[in-house]
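Take a look at the structure set out below.
The values are calculated or read from the model by the stated rules, or taken from the named source; none is laboratory data. Values in this document were obtained by computation on a predicted structure and should not be read as measured data. Here the Cβ positions follow ideal geometry from the backbone for every residue, glycine too, while neighbour counts run over all protein chains shown.
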Amino acid sequence: MKKQQPEGGWTTVIKPRNSLFAVNFKEIWDYRDLWFLFVKRNIITQYKQTILGPVWFVIQPVMTVIMYMVVFGGIAGIPTDGVPEALFYLAGVCMWQYFADCLGKTANTFVDNAGIFGKVYFPRLIIPLANVTSNLVRFGIQLALYVVVYIYFVLAHGDHVTCAPNLYALLFPALVLLLAGLALGFGIITSSMTTKYRDLQVLFSFIVSLWMYATPIVYPLSQVAGRSLYGMSLKTLMCLNPVTPIIETFKYGTLGAGEFVGWGWLGYSLGFAVVVLLVGVLIFNRVQKSFMDTV
Amino acid sequence: MPSAIEFEHISKQYRLGVVSSRTLGADLGRWWQMSVLGKEDPYLKVGETNDRAAAATSDFVWALRDIDFKVEQGEVLGIIGKNGAGKSTLLKLLSKVTGPTTGQIRARGRIASLLEVGTGFHPELTGRENVYMNGAILGMTRREITSKLDEIIQFAGVEKYIDTPTKRYSSGMSVRLGFAVASHLDPEIMVVDEVLAVGDAEFQKKAIGKMREISSQEGRTVLFVSHNMTSIRNLCQSGIVLENGMVSFSGTAEQAVSKYLSINQDENTQKLRDRTDRIGNGRIRVTDIVLKNKDGEVVVDTFAGDPLTIEFHLETRGEVDFSKMIVAVKLIDNYGTTVTMWVSDESKCDFSAIRDGVFSLDIPHLNMRPNTYNLGFQISLGTTGMNDWCDAIGGAAKVSVINNSFFEKGVNLKEDRGYIPLIDAKFRV
């Protein structure tokens with residue numbers, strides 16, 4: 001044992017409460033194999049004993065997009081910034097689905113895993129991290145679908161379709177990171193609170209479905225420009241939702257639809273994600289110690 | 001030898017009843033008292049010792065209170081106690097599943113806890129995948145698992161099914177696989193909770209052998225919780241007895257076991273005086289029955305073949321001629337059948353010298369198979385005819401006979417072979 005041993009050779013000290021900021025990131029790194037195995041488990045088990053398997057990853061967004069085309073495009077007649085409807089909705093659905101999946105999975109961390117958590121210790125943060133990571137696979141498949149549909153539209157209707165990617169598309173990895181960070185942050189805050197107050201679980205599930213309508217998924221942000229609510233620009237209000245600038249930038253970058261929200265708003269999303277993550281990790285760290293007594 | 005683990009004033013408080021909608025109020029109240037008014041936590045003052053049987057008077061209970069002991073490096077420590085004495089809570093604290101309310105635990109080295117076999121097994125994953133999953137949860141790296149994989153599979157004896165999802169396994173196979181993974185961990189400190197009580201006889205033997213191998217390795221510290229006194233005696237050097245969340249005894253494993261067996265006697269004879277399910281004219285009444293071992297210590301259990309003394313305490317009504325008293329003592333099985341009986345008119349005992357209303361039955365060797373027997377008695381004056389009965393109770397006390405190795409060079413007796421007397425004999429070829 002060449003490791004540095006604190007407090008007179010003691011390697012483990014178990015106390016009633018750790019200080020608020022004592023988050024052991026090194027420990028999480030030590031357990032990276034477990035992280036990897038959880039990711040693998042999540043992926044393998046999701047569609048075990050189904051016939052279509054991962055095809056479901058594709059069917060789901062396709063059906064959703066068709067639904068949106070009928071309801072929002074057809075019946076409500078909401079324009080899509082001149083971009084083909086299918087492409088416009090698919091862009092939003094892919095991104096939102098990833099966010100909502102991560103959020104939903106992470107928010108139930110403690111309740112879903114009470115069985116394991118009650119029997120053995122490992123850094124609890126591994127579970128939400130693994131969830132966010134394994135959802136990337138699903139997201140990747142849906143993104144591939146997006147690219148395929150995109151290429152189809154360019155080839156088949158290239159002459160009268162106005163969409164084209166621009167340099168902002170290079171922001172994509174950063175956008176996904178932001179989205180994951182936000183989902184993780186919100187998710188672990190919720191999961192920490194649901195251990196004690198189970199009401200939040202119910203509240204949370206419909207907040208997420210309402211949240212989608214506060215985000216420009218089924219309509220472009222350009223539609224709200226110029227409108228106001230109680231004297232405030234509706235566009236500003238919408239951008240206060242930290243997911244909005246991310247989705248808008250993605251759509252603008254890949255489709256050239258609408259206009260860039262501006263670095264300011266993207267910075268705001270980044271700041272929001274960092275704060276939420278920080279708060280989330282601190283609360284989570286605090287709760288993980290005693291949650292077995294309250295869950 | 002430096003100590004491997006130190007418990008310092010460890011306490012754990014639990015809330016009784018339902019964690020209700022009042023918790024938000026209680027939380028806010030606590031926050032107000034502590035943070036704003038600067039007082040100490042109001043909920044830490046209340047609470048009572050953890051006696052499962054007594055009715056609760058407060059909403060909080062101390063599952064553990066002021067636990068303070070050290071475990072030497074390389075020591076195998078048995079933790080014994082009745083259900084609800086706090087054994088599992090203690091292990092949970094040590095394995096960091098939940099935190100203590102006060103105090104601290106310090107340990108040297110990696111702790112692996114085995115509160116359950118096969119934690120994290122997913123029914124859809126194959127045996128091999130689950131070995132990795134379970135191993136990683138218990139703190140092994142993938143490389144460590146890979147290097148031990150063959151050994152693990154071989155130990156579990158499931159080679160044929162290793163690439164089959166574990167949902168197709170019999171429950172015994174899952175348990176074997178789980179134990180196999182756990183027993184191939186190598187931490188400096190191991191915490192084990194009664195996982196031996198699983199699997200078939202063959203595997204149990206294998207598991208106990210493995211446990212002994214683990215605990216005899218140099219420098220390995222093991223904490224072992226069990227209700228099985230024989231495995232405690234076999235595996236552990238030292239033992240502590242938990243009673244109502246407190247350490248009531250600490251010493252060698254042997255001492256701890258006999259201490260534990262003796263504390264149980266409260267439940268056994270406590271209320272004999274108040275029993276109303278008795279037959280007889282009441283001129284003599286038995287008020288208490290006490291079991292004692294060869295050293296005269298009060299016990300409730302005894303090992304098969306060991307000496308046992310059964311002490312009767314009497315009270316009388318009016319003049320009683322003790323020289324005419326006849327006592328019958330029976331051991332009765334769970335089905336109501338008398339297995340053995342001692343009657344004083346056959347052994348010609350004269351009770352007229354009785355002092356303070358106490359007499360005893362000395363059994364030089366209680367040659368009964370391990371089981372729990374009901375002790376019945378019948379006291380009469382003059383004849384054993386029903387009209388002369390003074391006092392009789394069918395199940396006045398319980399006598400638990402514990403398995404040990406009865407026969408010379410034998411192994412432990414099996415516990416499920418009936419309520420039958422043991423007669424010493426030897427097979428020969």
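Each row is one residue, and each column tells you yes or no for (1) out of contact with any strand residue (DSSP E or B) (no Cβ under 6 Å at 6 or more places or on another chain); (2) within 23 Å of B:F203 (Cα to Cα); (3) buried (at least 20 other Cβ atoms within 10 Å of the Cβ).
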position: B:R110; (1), (2), (3): yes, no, no
position: B:H122; (1), (2), (3): yes, yes, no
position: B:T126; (1), (2), (3): no, yes, no
position: B:N130; (1), (2), (3): yes, yes, yes
position: B:I152; (1), (2), (3): yes, yes, yes
position: B:S170; (1), (2), (3): yes, yes, no
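Applying the criterion of being basic (K, R) and over 17 Å from B:R106 (Cα atoms) to the residues of the stretch A:4-35, the residue that is modelled with the highest pLDDT is A:R32. Given (1) free of Cβ contacts under 8 Å to residues at least 60 places away in the same chain; (2) under 20 Å from the mean Cα position of the chain (by Cα), where does A:K48 come up short, assuming only one miss? Just one mismatch for A:K48, condition (2).
Being within 11 Å of chain A (Cβ to nearest Cβ) and polar (S, T, N, Q) is the filter here; which residues of the stretch B:74-100 pass it? Listed by number, the residues that qualify are B:S88, B:T89, B:S95, B:T98. Residues that are without any contact (Cβ under 8 Å) to a residue 60 or more places away in the chain and not in a helix (DSSP H, G or I) within the stretch A:75-124 comprise A:A76, A:G77, A:N113, A:K119, A:V120, A:Y121, listed in sequence order. Being touching a strand residue (DSSP E or B) at 6+ places or on another chain (Cβ under 7 Å) and either under 16 Å from B:I423 (Cβ atoms) or outside any strand (DSSP E or B) (or both) is the filter here, so list the residues in the stretch B:348-368 that pass it. Within the stretch B:348-368, B:F351, B:G357, B:I363, B:L366, B:N367, B:M368 meet the criteria.
Could you tell me whether B:I79 is in contact with a Leu (Cβ under 8 Å, 6 or more places away or on another chain), surrounded by fewer than 24 Cβ atoms within 10 Å (Cβ to Cβ) and in a strand (DSSP E or B)?
On the way: in contact with a Leu (Cβ under 8 Å, 6 or more places away or on another chain): yes; surrounded by fewer than 24 Cβ atoms within 10 Å (Cβ to Cβ): no; in a strand (DSSP E or B): yes.
Spelling it out, it is not the case that B:I79 is in contact with a Leu (Cβ under 8 Å, 6 or more places away or on another chain), surrounded by fewer than 24 Cβ atoms within 10 Å (Cβ to Cβ) and in a strand (DSSP E or B).
Starting from residues that are over 24 Å from the mean Cα position of the chain (by Cα) and small (G, A, S), keep the ones in the stretch B:376-429 and report whichever is nearest to B:V298 (Cα to Cα). Per the criteria, the residue is B:G376.
With respect to B:S231, determine if the residue is in the same structural domain as B:Q73 (by TED's automatic domain parsing), modelled with pLDDT of 85 or more and surrounded by fewer than 22 Cβ atoms within 10 Å (Cβ to Cβ). Outline the logic, then answer.
On the way: in the same structural domain as B:Q73 (by TED's automatic domain parsing): yes; modelled with pLDDT of 85 or more: no; surrounded by fewer than 22 Cβ atoms within 10 Å (Cβ to Cβ): yes.
It is false that B:S231 is in the same structural domain as B:Q73 (by TED's automatic domain parsing), modelled with pLDDT of 85 or more and surrounded by fewer than 22 Cβ atoms within 10 Å (Cβ to Cβ).
When every residue of the stretch B:14-29 is checked against the conditions, none turns out to be under 28 Å from A:G9 (Cβ atoms), within 12 Å of chain A (Cβ to nearest Cβ) and at pLDDT 75 or above.
Only one of B:T276, B:T287 is under 33 Å from the mean Cα position of the chain (by Cα) and free of Cβ contacts under 8 Å to residues at least 24 places away in the same chain. Can you tell me which?
Values: B:T287 fails: free of Cβ contacts under 8 Å to residues at least 24 places away in the same chain.
Sole residue among the options that is under 33 Å from the mean Cα position of the chain (by Cα) and free of Cβ contacts under 8 Å to residues at least 24 places away in the same chain: B:T276.
Residues are listed down the side, and each one gets a yes or a no for (1) out of contact with any Cys (no Cβ under 9 Å at 6 or more places or on another chain); (2) free of Cβ contacts under 8 Å to residues at least 24 places away in the same chain; (3) assigned to a strand (DSSP E or B); (4) more than 23 Å from B:C349 (Cβ to Cβ):
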residue	(1), (2), (3), (4)
B:S380	no, no, yes, no
B:N387	yes, yes, no, no
B:S400	yes, no, yes, yes
B:G418	yes, no, no, yes
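Conditions tested, residue by residue: (1) within 14 Å of chain B (Cβ to nearest Cβ); (2) over 24 Å from the mean Cα position of the chain (by Cα); (3) outside any helix (DSSP H, G or I).
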position: A:A130; (1), (2), (3): yes, no, no
position: A:Q142; (1), (2), (3): no, no, no
position: A:V147; (1), (2), (3): no, no, no
position: A:V154; (1), (2), (3): no, yes, no
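With respect to the conditions (1) buried (at least 18 other Cβ atoms within 10 Å of the Cβ); (2) over 30 Å from A:W10 (Cβ atoms), B:I189 lacks only one, and its number is (2). Evaluate the following for A:D112: is it within 14 Å of another protein chain (Cβ to nearest Cβ) and either at pLDDT below 90 or at positive phi (or both)? When the stated conditions are applied, A:D112 passes them. The set of residues in the stretch B:101-138 that are at the interface with chain A (Cβ under 7 Å from one of its Cβ atoms) and closer than 18 Å to A:T11 by Cβ comprises B:Q104, B:I105, B:R106, B:A107, B:R108, B:G109, B:I111, B:S113, B:L138.
For B:S174, indicate whether it is within 14 Å of another protein chain (Cβ to nearest Cβ), over 15 Å from A:K40 (Cβ atoms), buried (at least 21 other Cβ atoms within 10 Å of the Cβ) and not aliphatic (A, V, I, L, M).
Numbers: within 14 Å of another protein chain (Cβ to nearest Cβ): no; over 15 Å from A:K40 (Cβ atoms): yes; buried (at least 21 other Cβ atoms within 10 Å of the Cβ): yes; not aliphatic (A, V, I, L, M): yes.
No.
Yes or no, residue by residue, for (1) under 30 Å from B:F322 (Cα atoms); (2) surrounded by fewer than 19 Cβ atoms within 10 Å (Cβ to Cβ):
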{"site": "B:K348", "(1), (2)": "yes, yes"}
{"site": "B:S352", "(1), (2)": "yes, yes"}
{"site": "B:V358", "(1), (2)": "yes, yes"}
{"site": "B:G376", "(1), (2)": "yes, no"}
{"site": "B:S380", "(1), (2)": "yes, no"}
{"site": "B:K409", "(1), (2)": "no, yes"}
{"site": "B:V429", "(1), (2)": "no, yes"}
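Only one of the numbered conditions (1) surrounded by fewer than 19 Cβ atoms within 10 Å (Cβ to Cβ); (2) in contact with an Asp or Glu (Cβ under 6 Å, 6 or more places away or on another chain) is violated by B:I402, and that is (1). Considering the conditions (1) closer than 28 Å to B:G99 by Cβ; (2) at pLDDT below 75; (3) within 13 Å of another protein chain (Cβ to nearest Cβ), A:F38 is excluded by exactly one of them, (2).
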